[in-house]
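The values are calculated or read from the model by the stated rules, or taken from the named source; none is laboratory data. Keep in mind that what you see is a predicted model, and the values were worked out from it rather than measured. Don't worry about glycine lacking a Cβ; one is built from the backbone with ideal geometry, like all the others, and counts go over all protein chains shown.
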Amino acid sequence: MPQNWGDLQVLWIDWISGAGILLNFLLLYLIKTDRHKAGDGYRRILMIISWYNIFYALVHWIVGVAILVDEAGYIAFSSRFARHSFWASYAGIQVFIASFIMSLSLLAAHCLYRYVKISGRFTLIFERWYCILLLIVCNLLFAALVIVFSSLTVMPSQARDQISQFELMERYNLSIVNLGYIGPVYRTMNSQTGQWDYRWKDLIGIIGCHSLQVITYIAICTCGLKLYFFLHRSLISPKAKAINLQLMRLLLIEAITPLFFDYIPCFVAMWGGLLGLPMSEAAFYVPILFSCYPAAEALMTTLGFRAYRRRVFGLWTPATYSETHSWVA
C-alpha cells in the first residue's frame, strides 16, 4: 500500500462506482424488457431501488469519501472537495452520509414490500397514497436525523485538528485548515493524570447516527424472519411455496450484501479505534467497501432471479421465462 492514499483510493472508488452504474443500468434493462405480466408492483420497486443505486454510485464517484481512524475516533471527509471551500467539502461529506443511510432505509422498505405482498398482510401500506407518502417521509427523515446528529456533535474541532493534521498530510497531502469534515473525538488523554477523558457529546452523537443504521437492519431482518415463518406455516401449493421461498432466499442475499459492504465497514470505522482494533492501515479499504454496495446489490439481484440470470448468460431470449419462476405482484 502506498504511503499516500489519495490517488489509488479514488481510482478504486471510480472503477467500482462505474461498475455499479453499469450493473444497475443492466438490471433496469432486464426489468424494463421483462414481459411477464405479473409482478408489475414488484418490478416498480426494483426499478426505484436501481435508480437510487445509480444515484448512490454517482455520489461515491463525485464525493470520493475518505476516512482516517485513530484511537480517539475518526475523521471522514470528501477527498474531491477537500481543496475547495470549507462548506463545499462539508456539504460533500454530508451528502454522502445522507445517501448512505437512505440506501439502507430504502432496502428496509423493499423488504417490507416483499413481506406484505407475499403474506397478504398490511396491504394498505403500499395501496394508499398517504401510506406511501409516509414511507417516503420516513426515508427522508432518517437522512435528516443523521445530518442533524453529525452537525450538532461532530463538527470540525480543535481537538480533532490536532489529532489528525499530521496523518492527513501524510496520507492525502492535505491540510486540515479550512477542511470541512466530520470527526468525533471520543476521548482525549489527560496530560496530568495520564488517563482518558471521554467526550460524551461526541459519543452520544455517533451513537445516535449508528442507532439509525441498527434500526434499519433490524427492520430488514424482522421482515425476513416473519416471511420465513409465514411461508413454513402457510397452506399453499408446493409450487407457490417454492416460488416464494426463492424470493425469500433472494431477500436473504440482499440482507447480507449491506452487512458486508455497509454495516461492518461502518462499525469498524466508527468504533474500531476506540475498541483498540488495528484500523490505521485498514481504514484505506473502508470507503472502497462502501462503494461496492450499488454494484453488489445489482449483481446479487440479477443473479438471484433465474430468468434474469439466464438472459444475462444468453440462454434465453427476453420473451422466454422459466416455469419455476414467477413475480409476486
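Tabulated data for the structure shown
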| quantity | calculated |
| --- | --- |
| Residue within the range 158-181 that is under 24 Å from the mean Cα position of the chain (by Cα), of a type outside the set (D, E, K, R) and under 21 Å from residue 79 (Cβ atoms) present | yes |
| Tally, over the range 76-106, of residues that are surrounded by fewer than 20 Cβ atoms within 10 Å (Cβ to Cβ), in a loop (DSSP other than H, G, I, E, B) and of a type outside the set (Gly, Ala, Ser) | 3 |
| Test: residue in the range 209-218 that is surrounded by 13 or more Cβ atoms within 10 Å (Cβ to Cβ) and more than 30 Å from residue 43 (Cα to Cα) | yes |
| Residue in the range 1-15 that is surrounded by 19 or more Cβ atoms within 10 Å (Cβ to Cβ), more than 20 Å from residue 268 (Cα to Cα) and not aliphatic (A, V, I, L, M) present | no |
| Candidates 289, 274 - the one that is of a type in the set (A, V, I, L, M, F, W, C), at pLDDT below 90, under 21 Å from residue 212 (Cα atoms) and buried (at least 16 other Cβ atoms within 10 Å of the Cβ) | 274 |
| Given (1) crowded, with 20+ Cβ neighbours inside 10 Å; (2) free of Cβ contacts under 8 Å to residues at least 24 places away in the same chain; (3) β-branched (Val, Ile, Thr); (4) over 20 Å from residue 63 (Cα atoms), index of the condition residue 137 fails | (1) |
| Residue 74 over 28 Å from residue 218 (Cα atoms), over 14 Å from the mean Cα position of the chain (by Cα) and not small (Gly, Ala, Ser) | no |
| Test: residue in the range 147-154 that is touching a Ser or Thr at 6+ places or on another chain (Cβ under 8 Å) and touching a residue at least 60 places away in the same chain (Cβ under 8 Å) | no |
| Of all residues making up the range 137-173, the number that are in a loop (DSSP other than H, G, I, E, B) and over 21 Å from residue 207 (Cβ atoms) | 1 |
| Hits in the range 187-221 (condition: more than 20 Å from residue 266 (Cβ to Cβ) and within 22 Å of the chain's Cα centre (by Cα)) | none |
| Every pair of residues 6+ apart whose Cβ atoms lie under 8 Å, when the first sits in the range 271-293 and is closer than 20 Å to residue 254 by Cα while the second is among the hydroxyl-bearing types (Ser, Thr, Tyr) and at pLDDT 95 or above | 291/17; 293/56 |
| Any hit, the range 27-37, residues being in a helix (DSSP H, G or I), modelled with pLDDT of 95 or more and surrounded by fewer than 17 Cβ atoms within 10 Å (Cβ to Cβ) | no |
| Residues satisfying the stated conditions in the range 107-123, i.e. assigned to a helix (DSSP H, G or I) and basic (Lys, Arg) | 114, 117 |
| Residues that are over 18 Å from residue 186 (Cα atoms), out of contact with any helix residue (DSSP H, G or I) (no Cβ under 9 Å at 6 or more places or on another chain) and not hydrophobic (A, V, I, L, M, F, W, C), drawn from the range 129-165 | 130 |
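To keep it simple, each residue is scored yes or no on (1) in a helix (DSSP H, G or I); (2) in contact with a Cys (Cβ under 9 Å, 6 or more places away or on another chain).
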residue: 253; (1), (2): yes, no
residue: 260; (1), (2): yes, yes
residue: 263; (1), (2): yes, no
residue: 267; (1), (2): yes, no
residue: 276; (1), (2): no, no
residue: 286; (1), (2): yes, yes
